[in-house]
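Here the structure is laid out as structure tokens; the discussion comes afterwards.
FYI, it's all coordinate maths here, none of it is from the lab. Everything quoted here is computed from the prediction, not taken from an experiment. So basically every Cβ, Gly included, is an ideal-geometry build from the backbone, and we count neighbours across all protein chains shown.
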Amino acid sequence: MALLEVHGVSKSFRGLRAVHEASFDIPEGSINALIGPNGAGKTTIFNMIAGVYAPDGGTIHFQGKAIHGLRPDQVCVAGIGRTFQIVKPFAGLSVLDNVVVGALLRERSARAARRISLDILEKLHLGPKRDLPASSLTLPDRKRLEVARALATRPKLLLLDEAMAGLRPTECDQMIEVFRRLNVAEGLTILLIEHVMRAVMALAQHIGVLRHGEVIARGKPEEIVRDPAVLECYLGEETEV
Amino acid sequence: MRRATAGLALLAALLAVLPAFARGYALSVATLILYFAYTGQAWNVMMGFAGQLSLGHSLYVGVGAYAAGALFFHYGIGPWAGLWVAILLCVALGLLVGFLAFRFGISGVYFALLTIAFAEFTRIGFDHLDWIGGPAGMFLRVAQRDTWDLANFRGPPVMYYYAMLFLTAGAFALCSFLLKSKAGYYWLAIRENEEAAQALGINTFAWKMLAVAVSSAMTAVAGVFFAFYYNNLFPEQIFHISRSIEIILGPIIGGIGTLFGPILGAAVLTLLSDGITELLGALGWELPGIKQVFYGIVLLIVIVFLPHGIWPGLARKLRLDR
């Protein structure tokens with residue numbers, strides 16, 4: 001049984017079909033990427049998993065339990081953490097307190113939550129900035145803070161919505177390293193939606209390709225880059241990878 | 001934080017011995033400051049912590065006052081029993097307002113309008129309720145003035161001063177505890193970004209309801225005090241929107257979301273208001289409305305130059321924030 005099973009989900013917005021009968025599985029302990037051109041429905045699928053939208057049809061199962069139609073907070077309690085493409089820090093709180101809010105989901109006392117949060121901040125190279133207000137962080141640091149906050153809820157599955165977008169190549173590589181370590185050392189399962197192919201190719205073991213709301217290809221990275229349908233619709237004639 | 005604790009202890013000691021020096025008018029001004037500090041603190045739980053703007057807190061003062069007042073007036077039931085009825089009623093009302101707003105996604109300005117609407121409905125309703133005297137008001141018997149009768153909350157002005165001091169200190173302690181607890185972290189997260197808070201597993205509906213419940217319960221207690229301190233209640237006065245505004249000015253001027261803001265703001269505003277009255281009287285400028293004009297100008301200056309209120313800047317200057 002896969003950790004996450006998305007089966008035939010559809011979603012329309014005022015008659016506009018955003019996602020149509022999309023299906024894919026995410027095995028436990030794997031790193032997966034969902035790619036596709038703008039408007040292909042990546043973020044819609046992401047938001048259906050995260051509980052922001054209920055699907056019009058289809059089912060989503062996490063650890064064997066149906067989670068479609070749950071609220072975002074219930075999805076998080078179930079063990080799925082997420083980041084936002086447009087970062088949403090608690091601007092008026094310190095970097096540490098941002099993470100403590102996440103850690104309080106599984107910790108009873110604020111003290112224990114602080115201890116865990118400090119560890120997580122170290123992992124994401126935010127330790128020295130823990131006392132700064134989140135509003136003072138640069139974009140790369142805010143992206144890291146998003147990840148730190150989500151990790152603090154101790155998810156089994158981490159959903160990353162364009163966590164690398166806007167990062168410089170070196171910063172991107174640093175993030176890739178962080179995710180790889182979380183995956184290997186802690187067994188964290190990851191699903192990323194990403195435009196940065198550098199990150200996708202470096203991280204993902206499985207890739208799903210979306211086009212017009214449908215999954216047109218699934219496979220290993222080396223299979224995907226050779227798939228004619230993918231090349232035609234998404235990567236174009238000339239690829240960077 | 002050590003400096004802050006020392007400062008707080010000094011302030012508490014000063015306030016505890018104040019009645020030895022202040023009598024009559026000065027003592028009633030001090031009581032009024034504490035009253036606004038307390039109600040400001042209560043409002044701050046909802047707005048300053050959880051980010052939900054209520055412009056109708058006079059609802060809870062009024063319902064609290066009338067509940068305890070009417071029980072005393074009609075049945076002779078003392079304020080200690082009436083207090084619980086007042087709290088229950090106000091929490092129920094608060095949860096009703098909260099449920100309607102949060103269940104249907106009403107927030108920001110629209111939420112504020114809803115809170116005004118509830119206070120206004122209640123004002124008009126109470127105006128037509130003969131049981132509590134309608135527009136002619138309700139007057140509580142004033143029997144004891146020289147001895148302390150705590151059972152019926154009757155006594156000299158100094159008793160009311162100490163009662164208010166006790167309440168203000170209690171509210172401060174409660175809020176400082178809440179801020180350090182899970183509720184505090186969750187409320188601030190909701191205030192800063194509700195969507196992000198929800199993504200971290202926070203049931204934002206439930207925690208916002210808790211903020212409303214705590215805030216309305218605290219304000220209900222102020223209402224009971226109001227009834228037994230002033231002994232006369234009129235719907236037109238107690239539920240009026242200007243009363244709600246009075247409550248929120250203290251924390252706004254002092255610093256929204258801070259623990260000391262409501263106290264500092266209440267002191268500054270009350271002293272200013274009374275100071276202006278005294279000054280204008282001494283100068284012989286008895287133009288109608290001139291007090292409000294001065295008051296408004298001072299508010300404007302504070303808001304323009306200290307948009308976060310007086311306290312945050314002051315705390316940095318006095319190094320109380322570390």
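Details
- Euclidean distance between Cα centres, segment B:150-173 to segment A:41-59, Å: 55 Å
- Across all directions, the average projected area of the convex hull around the alpha carbons of the protein assembly as shown is 31.1 nm².
- Reachable aspartates and glutamates, given that their alpha-carbon falls under 16 Å from the alpha-carbon of A:Lys88 and they are not under 8 places away in the same chain: A:Asp73, A:Asp97, A:Asp141, A:Glu146, A:Asp161, A:Glu162, B:Glu192, B:Glu194, B:Glu195
- Restriction of the trypsin sites (Lys or Arg not before Pro) in segment B:63-143 to DSSP coil positions whose beta-carbon has at most 11 other beta-carbons within 10 angstrom yields B:Arg141.
- With a 10 Å cut-off around each Cβ of A:62-73, the average count of Cβ atoms from other chains is 2.
- Inverse of mean 1/r across different Cα pairs in segment B:21-240, Kirkwood, Å: 18.0 Å
- J(HN,Hα) series, segment A:83-95, from Karplus relation 6.51 cos²θ - 1.76 cosθ + 1.60, nearest Hz, glycine and proline x: 10, 9, 4, 8, 4, 10, x, 7, 4, x, 9, 5, 4
- Segment B:1-117: relative contact order in percent, alpha carbon pairs under 8 Å with at least 6 residues between: 25 percent
- As a length-normalised measure over Cα pairs under 8 Å and 6 or more apart, the relative contact order of chain B settles at 32 percent.
- As a calculated quantity, the FRET efficiency between A:Lys220 and A:Leu118 at R0 = 25 Å, using C-beta atoms, amounts to about 0.10.
- DSSP-assigned coil residues among chymotrypsin sites (Phe, Trp or Tyr not before Pro) in segment B:102-134, each with at most 14 further Cβ atoms within 10 Å: B:Phe104
- Extending 7 Å from Cα along the Cβ direction at B:Ala151 and again at B:Leu96 yields two label points whose distance is 3.5 nm.
- Alpha-carbon centroids, segment B:25-78 and segment B:243-303: separation in whole Å: 19 Å
- Cross-link reach is defined here as a Cα-Cα straight distance under 18 Å, omitting same-chain residues fewer than 8 places apart; for B:Lys182 the lysines meeting it are B:Lys208.
- Among the DSSP helices (H) of chain B, those spanning at least 18 angstrom by Cα along their long axis with an average Kyte-Doolittle hydropathy of -0.5 or more are B:2-17, B:24-44, B:58-75, B:79-103, B:109-127, B:157-180, B:204-230, B:241-254, B:261-283, B:290-305; this is a geometric and hydropathy rule only.
- Tilt relative to chain A, helix A:110-123 - C-alpha long axis, 0 to 90 degrees, to 10: 60 degrees
- If you wrap the tightest convex hull around every Cα atom of chain A and split its volume per residue, you get 123 Å³.
- Full-extension gain in nm, B:Glu236 to B:Arg23, via 0.36 nm per residue minus C-alpha separation: 73.6 nm
- The longest stretch of chain A left intact once loop-based trypsin sites (Lys or Arg not before Pro) with at most 13 other Cβ atoms within 10 Å are removed from consideration, loops following DSSP, is A:109-225.
- Order by protection proxy (mean Cβ within 10 Å, highest first), peptides B:34-46, B:277-289: B:34-46, B:277-289
- Pairs beyond 30 Å (Cα-Cα), from A:Lys123/B:Lys317; A:Lys42/A:Lys123; A:Lys11/A:Lys123: A:Lys123/B:Lys317; A:Lys11/A:Lys123
- Whole-Å distance, taken between Cα centres, linking segment A:146-194 and segment B:115-135: 56 Å
- Other protein chain Cβ atoms within 10 Å, averaged over every residue that makes up A:81-89: 3
- Based on C-alpha pairs under 8 angstrom that are at least 6 apart in sequence, segment A:89-154 has a relative contact order of 51 percent.
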